[in-house]
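Working notes, beginning with the structure itself.
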Amino acid sequence: MADIDSTMAEIGWLDRLSSRDTPLHRIDPRVKLLTTLAFIVVVLSYGKYQLAPLMPLAIYPAVLIALGDVPLKFVVRKLLIVSPFAIFVGLFNPLLDRQTMLTIGSLEISGGWVSYASILIRFVLTVSATLALVAGTGIHNVCRGMEQLGVPSVFTVQVLMLYRYLFVLVNEGVGMSRARALRSVGNRGMGLRACGAMLGSLVLRTLDRAQRVHTAMCCRGFDGHVRTIETLRLGVRDVAFLTGWLGVLAMLRAFDLAGLLGAAATGAGR
Amino acid sequence: MHMSDALISPAVGGTMWLAGGGMIAYGARKMRGCLDSSRVPLMGVLGAFVFAAQMVNFTIPGTGSSGHLGGGLLLAILLGPSAGLIVIASILTVQAMLFADGGLLALGCNIVNMGLLPCFIAYPLVYLPLVGKKPARGRIVLAATVAAVVGLQLGSLGVVAETTMSGIAELPFMKFLLLMLPIHLAIGLVEGLVTAAVAAFVWQARPEVLELTDPDDPGRGRVGLVAVCLLVAAIVTGGVVSWFASSHPDGLEWSVAKTMGTEELAEPTDGLRGALGRVQERTALLPDYDFAEPQDPVDDEAEPGSQEPAAGQWFSPSAGTTVSGLVGGGITLVLAFLAGWALRRRTTSASTA
């Protein structure tokens, strides 16, 4: 959360990406959610030293990114910025696990490096698939899909409301923070006391806003339920997408494509 | 402390999904009873508030760093545990999808660590008793600080347990715990102080806001109990599931087990040792990791040669890590990119045509 302005700008961009019309957008959100979850489960189901079988799985995010016409630059930048946690925790693997596992020529690679590489690949695969899913579906449709899959509507409506007011309130927070920074000399007013009071008044303002929003919603006939006009219907293309991907994932899980190809390419019998 | 997909196993992720999803369903059902329609925008806007609150940093005296509000406990204080949990879960969902912070399968872990623990353990079992029947500024500050610290410590314990049970990261349980707990003690203290400052401010300006939580009152004690039971159940099932998953493994460990099996016939002593090793692996909740270090020297004294087979057990090359396997993997990676590239050219030319 270092540079929040650019983060929010990126989310705005993601929002615009998600409202386009590409082959990926036209597929039922439920189908995309299910295949992406299946994909993540398959990626995570490999042992920590199994590096090669993970690589063929890149086909899923690659196809999603292509079908949704998601700018690759965007995905790469997100991957670089995001989540130091996995990278940090994984960094202990090479330090703790020094048994040699793989020799390429005279280069000896320890099990720790192999499993660290596996963590990084998992990270890239799962994050890029999730980003492509959202960019090619949009939060609104993801929520609709979740609701139709049986997620309680209290929760999906909550996600939608949160998303709707995210930008408004973040701008308010940024404005407050900037105003304080402009008025503070050195470190005056940058401490906990002022921060507590600022956030407290932000809470109160937020509560007032909620009341106004509620009044406005009531004026428009809100009775506690959010209705959508169109209902989701599964088409032939959706079923084909679902069964196709589940089939591909099952095949990749069952057969070691990387091993077979590698054996053929290097002429090594296994 | 967002768990990421890359660090968890499907067994742990799935179990936590069930636990987190179950809690959302429970919270949603509980709220349906007392839901007046004004709660819908209130919860939504407060969720967005948590993002906004992260914009307002403050400097921590004596250090160069700055802290910001975490939000979990504050939401429980403002909304009550059930609604608080749902708001936190929605925040985590948005973070997983838009910020790529956390992951879709790790969402369950994150909901348990950052939602269930503060809302259903720290709030009812620490915050409420400390605030007591007659809240005052001092009591609110004390209660919020302590509860935030407790919540964050429990959360980091959850992170450590889930990570080591998944067995992808190499850090042993105790070392990881000793790394995480002190860091999160400091973070929790800072977060607790902000939460306390905000709660005290709101209480002074508009005391009735903090009483929003009263509808939850009758179920307070029971909610905590239910949560504790659920948590214990989740941990036990998670442990059992991943234990079974690791005793009936696939891929590397399976192939290793098979090669061990053939070696057993050739060398009976190794077979016995291998069997003992397997027994030990099964009795250990966290196979491969926590006992690896202390065990080695002991084994050395008992049987000088015993380190070799034990090491071989984990590190013998498998299909996934041979050179030819990696070459094949590289080829498929290139193929995947080419497929995506070709597909995109078709998509874009179709959409511009």
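The values are calculated or read from the model by the stated rules, or taken from the named source; none is laboratory data. Please read these numbers as outputs of a predicted model, since none were measured by experiment. We place every Cβ from the backbone using ideal geometry, glycine too, and count neighbours over all the protein chains shown.
What are the residues in segment A:57-67 that are buried (at least 24 other Cβ atoms within 10 Å of the Cβ) and under 20 Å from A:Asp256 (Cα atoms), if any? Selection gives A:Leu57, A:Ala58, A:Tyr60, A:Pro61, A:Ala62. Name the residues in segment A:205-225 that are among the β-branched types (Val, Ile, Thr) and either facing chain B (nearest Cβ under 7 Å) or in contact with an Asp or Glu (Cβ under 9 Å, 6 or more places away or on another chain) (or both), would you? Listed by number, the residues that qualify are A:Thr206, A:Val213.
Exactly one residue out of A:Ile87, A:Ile11, A:Ile27, A:Ile59 is within 19 Å of B:Gly329 (Cβ to Cβ), out of contact with any Gly (no Cβ under 7 Å at 6 or more places or on another chain) and either in contact (Cβ under 8 Å) with a residue 12 or more places away in the chain or not basic (Lys, Arg) (or both): that is A:Ile59. The condition (being out of contact with any Phe, Trp or Tyr (no Cβ under 6 Å at 6 or more places or on another chain), among the β-branched types (Val, Ile, Thr) and without any contact (Cβ under 8 Å) to a residue 12 or more places away in the chain) is satisfied by just one residue among A:Val203, A:Val174: A:Val203. Only a single item in (1) farther than 30 Å from A:Gly111 by Cα; (2) surrounded by fewer than 18 Cβ atoms within 10 Å (Cβ to Cβ) is not met by A:Pro29, and it is number (2).
Is at least one residue of segment A:40-58 closer than 21 Å to B:Gly340 by Cα, of a type in the set (Phe, Trp, Tyr) and at pLDDT 85 or above? Let's see the steps before the verdict.
Our first condition is that a residue be closer than 21 Å to B:Gly340 by Cα; within segment A:40-58, this holds for A:40, A:42-43, A:52-58.
From the residues that got through so far, the ones that are of a type in the set (Phe, Trp, Tyr) too are none.
Within segment A:40-58, not a single residue is closer than 21 Å to B:Gly340 by Cα, of a type in the set (Phe, Trp, Tyr) and at pLDDT 85 or above.
Residues in segment A:76-98 include none that are over 14 Å from the mean Cα position of the chain (by Cα) and over 23 Å from B:Ser9 (Cα atoms). The requirement of being more than 10 Å from chain B (Cβ to nearest Cβ), among the aliphatic types (A, V, I, L, M) and either outside any helix (DSSP H, G or I) or on the phi > 0 side of the Ramachandran plot (or both) is satisfied by A:Val185.
Matching residues to (1) facing chain B (nearest Cβ under 10 Å); (2) among the small types (Gly, Ala, Ser):
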| residue | (1), (2) |
| --- | --- |
| A:Asp28 | no, no |
| A:Ser45 | yes, yes |
| A:Tyr49 | yes, no |
| A:Arg77 | no, no |
| A:Leu91 | yes, no |
| A:Pro94 | yes, no |
| A:Thr103 | yes, no |
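Within segment B:9-31, residues that are within 25 Å of A:Val43 (Cβ to Cβ) and within 11 Å of chain A (Cβ to nearest Cβ) sit with their Cβ atoms under 6 Å from residues that are outside any helix (DSSP H, G or I) and hydroxyl-bearing (Ser, Thr, Tyr), at 6+ positions apart or across chains, in these pairs: B:Pro10/A:Ser45. The set of residues from segment A:155-182 being more than 7 Å from chain B (Cβ to nearest Cβ) and more than 28 Å from the chain's Cα centre (by Cα) comprises A:Arg178, A:Ala179, A:Arg180, A:Ala181, A:Leu182. Look through segment A:191-248, keep the residues that are among the charged types (D, E, K, R) and not in a loop (DSSP other than H, G, I, E, B), and return whichever of them is nearest to B:Ala199 (Cα to Cα). The residue in question is A:Arg193. Among the conditions (1) within 28 Å of B:Arg344 (Cβ to Cβ); (2) at the interface with another protein chain (Cβ under 7 Å from one of its Cβ atoms); (3) in contact with a Lys or Arg (Cβ under 9 Å, 6 or more places away or on another chain), A:Gly136 misses just one, which is (2). In segment A:6-15, is there at least one residue being facing another protein chain (nearest Cβ under 7 Å), farther than 25 Å from B:Met1 by Cα and in a helix (DSSP H, G or I)? No - not one qualifying residue is present in segment A:6-15. A:Thr130 meets each of the listed conditions (1) modelled with pLDDT of 90 or more; (2) of a type outside the set (A, V, I, L, M, F, W, C); (3) in contact with a His (Cβ under 8 Å, 6 or more places away or on another chain) apart from (3).
If you filter segment A:105-123 down to residues that are more than 8 Å from chain B (Cβ to nearest Cβ), without any contact (Cβ under 8 Å) to a residue 60 or more places away in the chain and not aromatic (Phe, Trp, Tyr), you find that the one that is surrounded by the most Cβ atoms within 10 Å (Cβ to Cβ) is A:Ser110. Figure legend. Inter-residue proximity from segment B:74-100: first residues more than 10 Å from every other protein chain (Cβ to nearest Cβ), second residues in a helix (DSSP H, G or I) and surrounded by fewer than 24 Cβ atoms within 10 Å (Cβ to Cβ), beta-carbon distance below 6 Å, spacing 6+ or different chains. Indicated pairs: B:Gly80/B:Thr213; B:Gly80/B:Asp216; B:Pro81/B:Val223. If the requirement is being modelled with pLDDT of 90 or more and either touching a helix residue (DSSP H, G or I) at 6+ places or on another chain (Cβ under 7 Å) or assigned by TED's automatic domain parsing to the domain that holds B:Gly21 (or both), which of these qualifies: B:Ala96, B:Ala100, B:Ala89? When all the criteria are applied, what remains is B:Ala89.
Within segment B:32-49, restricting attention to residues that are surrounded by fewer than 22 Cβ atoms within 10 Å (Cβ to Cβ) and of a type in the set (A, V, I, L, M, F, W, C), the residue that is farthest from A:Leu202 (Cα to Cα) is B:Cys34.
Among the residues making up segment B:47-58, those that are touching a helix residue (DSSP H, G or I) at 6+ places or on another chain (Cβ under 6 Å) and facing chain A (nearest Cβ under 7 Å) are B:Gly47, B:Ala48, B:Phe49, B:Phe51, B:Ala52, B:Ala53, B:Met55, B:Val56, B:Phe58. Please work out if A:Met101 is crowded, with 19+ Cβ neighbours inside 10 Å, in contact with a helix residue (DSSP H, G or I) (Cβ under 7 Å, 6 or more places away or on another chain) and within 23 Å of B:Ala11 (Cα to Cα). No: the conditions fail for A:Met101. Only residues that are without any contact (Cβ under 8 Å) to a residue 12 or more places away in the chain, touching a helix residue (DSSP H, G or I) at 6+ places or on another chain (Cβ under 6 Å) and surrounded by fewer than 23 Cβ atoms within 10 Å (Cβ to Cβ) were counted in segment A:124-154, giving 2. Evaluation of B:Gly102 against the conditions (1) part of a helix (DSSP H, G or I); (2) touching a Ser or Thr at 6+ places or on another chain (Cβ under 8 Å) shows that the sole unmet condition is (1).
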